[in-house]
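To start, the structure under review is shown below, and the notes come after it.
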Amino acid sequence: GGDVEVSNGRQGSAVSCVNVAAHPGAAFAQHAHAGWRRAAARVKRSVMSENTRYALLSVSNKTNLVALARGLASLGWVLIASGGTARALEDAGIACVPVDQMTGNPEAFDGRMKTISFQLEGGILYDRRNPAHVEQARRLGVTPIDMVVCNFYPFASAVSRPGCTLEEAVEQIDVGGPTMVRAAAKNFASVLVLTDPAQYEGVLEELQRGAVSDSTRRSLAVAAFDLLTQADLQVASYLRTAPERWLHLRDGRSLRYGENPQQDAVAWVSAEVDDPLALHRFEQVQGKALSYNNLLDADGALMAISLLGGDFPAAVIVKHTNPCGAAFGATAAEAFERAWAGDPLAAFGGIVALNRPLDSAFAAALGRDRFVEVLLAPAVEADAAQLLAARKNMRVLVNPALAFPVPSEADEMRSVRGGMLVQSADTHRLDIDALPVVTRLAPSPPQRRDLWMAWQICRASRSNAVSLVRDGMLVGNGVGQQDRLTACRIAVEKAGERARGAVAASDAFFPFPDGPAVLADAGVASVMQPGGSVRDQETIDLLSERGVSMVFTQGIRAFRH
């Protein structure tokens, strides 16, 4: 036979392993280390079934490694492990075959050469369904490897460390791991490839039931190729000097349909974005599955609440990606009440985001007549959860990071016909107290605070946009217009009498004084705009004569298309 059972001397820890030195056809075993020979001399010989399965383990992230190894050993699997992985198993009392006993070669070149070999890659790659391959493997003494468990050196975290040199980064480029993973993923019909500790438990459960399904094998291979792609893109992005950008999307999830029932839709996650407020990081605790439109509107609500920040309780209501309600309040319930009152007609069926937990007072404020599609909040208190549960169709999403919302710094992407546009995030912050006053009157401190809020709402609205705020509450939002005059008319029409004493912000300059005239006629007390029109002086003169103050953002605009 030549097969052995290896024990590390600890009670109850014996694990079946192959004695490579005595394995038929394994001439390479003459290079076996003396230490392994001494270990082999201490074990008893046995005859191993031809159905014995072999797993090759070589991981950088050792999360759940021991549990997986114990589970495989209990099912009779033979474990083969590389350097650090082998040591981790030995420390846990789990015996295994060192990789160098399989390859016949020692680890060399500071670990650059470790797992790349004919014996290992051949054992992974040969097609078990091809009789010629099976016979050739037997003649060459190639041990079949039925599972590869591997994840790579942490390249991204290594290069993100301050002071990381090029030489240090290069040493974190994994070669052996991707080689094994690619081979196993190619041969997924015969070889299981596990690249994420989260996969271990499910695969073990299927093995305990008898066999791993074809669908699982295929999904494991897809995950492996995704990991390979991500690893290569990380290295390429680090080494690249030209201003090219790559985008890696993962975890595609089919949605019920797109904006309309006749359209298909998929939600993807960007592998490069590390944002605590990314939509996929929210936990849905109630309600129907999220739709394409829900996700778009939720994204708009997150943008608006992030621009308002977390210093004071705030609520925003978004409809068709545009804020139709926004307000500060002493509590979440008060902020919501004021936000809803800003435009009750548009708020119906909207998406609500708050920067404070949902409590019973909020649930009472929501009442039965206010229809909300989606609620986003940092948390839901137990008493509120019971009250909200009556609305079974309302989606409730929670994420603790929403208590401290900040704007995203990730690149913004838009699809266009035949390609994609990418731009950096608008992270510019205006100091409202430092903006130049261009009219005879200057805004009061309370008006400046409202101007700041109106500007944030403009930034979260589709252009052309003019936003009216009064006492920390959005009272009128004219959005998505081809001309700025109509945006002003819509804003004051929605505000009604509340426009008197309110402030207004425009996301770009007024090309003519006609829009500001509409604002002044409605009683708006202060205006904020970028400036830059050839007719700026006409607007300045008009507002000065009407007793309206105005500040310029000095060319900073807030277009959002």
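Quantify, in whole percent, the carbon and sulfur part of the accessible surface of the chain (1.4 Å probe; protein heavy atoms only).
Details: 14140 of 27470 Å².
Carbon and sulfur atoms account for 51 percent of the accessible area of the chain.
With R₀ fixed at 51 Å, the C-beta to C-beta distance from residue 61 to residue 500 puts the FRET efficiency at about 0.25. Annotation note: GluC sites (Glu not before Pro) in the stretch 194-295 located in DSSP loop regions with a Cβ neighbour count of at most 14 within 10 Å are 244, 259.
Inverting the mean 1/r over all pairs of different Cα atoms, compute the Kirkwood radius of the stretch 149-190 and quote it in Å. Walk me through the intermediate numbers first.
Numbers: mean 1/r = 0.0859 Å⁻¹.
For the stretch 149-190, inverting the mean 1/r across all distinct Cα pairs yields 11.6 Å.
Remark on the stretch 43-145: Rg and Dmax equal 14.4, 41 Å (Cα only). Averaging the Cα positions of each part gives two centres, and for the stretch 436-451 and the stretch 490-531 these lie 14 Å apart.
For the chain, what is the accessible area per residue in Å² when the probe is 1.4 Å?
Values: 27470 Å² over 561 residues.
Per residue, the chain has an accessible area of 49 Å².
Placing dummy labels 7 Å off each Cα toward the beta-carbon, the span from residue 165 to residue 541 is 6.8 nm. Could you compute how fast the stretch 178-218 diffuses translationally, taking Rh as the Kirkwood radius over C-alpha pairs and applying Stokes-Einstein at 25 °C with viscosity 0.890 mPa s? Give it in µm² per second. Translational diffusion coefficient: 231 µm²/s. Normalising the Debye intensity of the stretch 166-297 to I(0), with uniform scatterers on Cα atoms only, and taking log10 at q = 0.10, 0.12, 0.16, 0.17 Å⁻¹ returns -0.49, -0.70, -1.07, -1.13.
Over the stretch 350-480, what is the percentage of antiparallel beta bridges among all DSSP beta bridges, to the nearest 5?
On the way: 9 of 18 bridges.
Counting DSSP beta bridges with both partners in the stretch 350-480, the antiparallel share is about 50 percent.
In this Cβ point-charge picture (+1 for Lys and Arg, -1 for Asp and Glu), the chain has a dipole of about 1180 debye about its Cα centre. Averaged over residues, the count of other Cβ atoms within 10 Å places the peptides 500-512, 393-405, 114-126 in the sequence 500-512, 114-126, 393-405, highest first. Note that the stretch 388-509, at 4 °C in a medium of 1.567 mPa s, gets a Stokes-Einstein diffusion coefficient of 76 µm²/s from its Kirkwood radius over C-alpha pairs.
For the chain, give the share of DSSP beta bridges that are antiparallel, in percent and rounded to the nearest 5; count only bridges with both residues there. Could the numbers behind the result be given before it?
Numbers: 39 of 69 bridges.
So the antiparallel bridges in the chain amount to around 55 percent.
Taking a ≥ b ≥ c as the square roots of the Cα gyration tensor eigenvalues, with a/c under 1.5 meaning rounded and otherwise prolate when a/b beats b/c, else oblate, which class fits the stretch 441-530?
Since a/c stays below 1.5, the shape of the stretch 441-530 is classed as rounded.
Modelled spin labels at residue 389 and residue 254, positioned 7 Å past Cα toward Cβ, are 3.2 nm from each other. Spatially close Lys pairs in the chain, defined by Cα atoms under 23 Å apart and a spacing of eight or more places or different chains, total 6. Each 10 Å bin from zero up to the one holding the largest Cα-Cα distance in the chain carries the following percent of pairs: 3, 15, 19, 17, 14, 12, 9, 6, 3, 1, 0.
The values are calculated or read from the model by the stated rules, or taken from the named source; none is laboratory data. In this text, all values refer to a predicted model and were calculated from it rather than measured experimentally. A quick note on method: Cβ atoms are made from the backbone with ideal geometry, for glycine too, and the neighbour counts reach across all protein chains shown. What goes into the accessible areas is simple: the full protein's heavy atoms, side chains included, and nothing from ligands, DNA or RNA. Shrake-Rupley method; radii C 1.70, N 1.55, O 1.52, S 1.80 Å.
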